[in-house]
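Worksheet for the structure shown next.
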Amino acid sequence: MRDALSVLDQVLSFGTGPVTADRVRAVLGLIPDELYGEMLRLVSERDAAAVFPLVERLLEAGADLGEFVDGAGETLRALLVAGLGGQPEGLTEGLAQVVRSAAARLPLPTSCGCWVCWARWRCRSAAAAACASRLSCCCCGGR
């Protein structure tokens, strides 16, 4: 309870007017949902060079890059769940909207969803390689 009161005190002293979700997020150092939406847009446009200005903006704002990476992973997981027809859980309404709109722009590949590439780089076991070799990938063709 003391932690909650301490955060509330920080939020109240951070600005004037009513307490808003955006103000609480700023005090807690959370990454705005819009930045995850921008990240998904960059992925959909395959614009790798634009990632650097995004990271620079995060650094200038004093954001915790570890927090951003964790949130990006959760956002991509939610995108995969939504792309498979599921309902991602644990998202803010704003992030859920970002994921729904990105899922429409980023349809899943028709075969393995790049799991071949994932298996090769993340798990070097013979079983994973044998399993992965039977799949076809939109990026590598299952090679």
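A few points about this structure:
- The residue list LEU5, LEU12, LEU42 contains one member that is assigned by TED's automatic domain parsing to the domain that holds GLN97 and among the hydrophobic types (A, V, I, L, M, F, W, C), which is LEU42.
- Meets criteria (of a type outside the set (Ser, Thr, Tyr), within 13 Å of the chain's Cα centre (by Cα) and at pLDDT 85 or above) for LEU65: yes
- Only listed residue being part of a helix (DSSP H, G or I) and modelled with pLDDT of 85 or more, chosen from LEU8, LEU79, LEU12: LEU79
- Unique match (being in contact (Cβ under 8 Å) with a residue 40 or more places away in the chain and not hydroxyl-bearing (Ser, Thr, Tyr)) among LEU12, LEU40: LEU40
- From ALA49, ALA130, ALA104, ALA126, residue being farther than 23 Å from VAL11 by Cα and at pLDDT 85 or above: ALA49
- Qualifying residue in region 79-101 (condition: out of contact with any strand residue (DSSP E or B) (no Cβ under 8 Å at 6 or more places or on another chain) and either among the aromatic types (Phe, Trp, Tyr) or not assigned by TED's automatic domain parsing to the domain that holds GLU38 (or both)): no
- Per-region count, region 50-76, residues part of a loop (DSSP other than H, G, I, E, B) and aliphatic (A, V, I, L, M): 2
- Residue in region 16-59 that is surrounded by the most Cβ atoms within 10 Å (Cβ to Cβ), counting only those that are of a type in the set (S, T, N, Q) and over 21 Å from GLU74 (Cβ atoms): THR20
The values are calculated or read from the model by the stated rules, or taken from the named source; none is laboratory data. Since the model is a prediction, treat every value here as computed from it, not as a measurement. Every residue, glycine among them, receives a Cβ derived from its backbone with ideal geometry; neighbour counts consider all protein chains shown.
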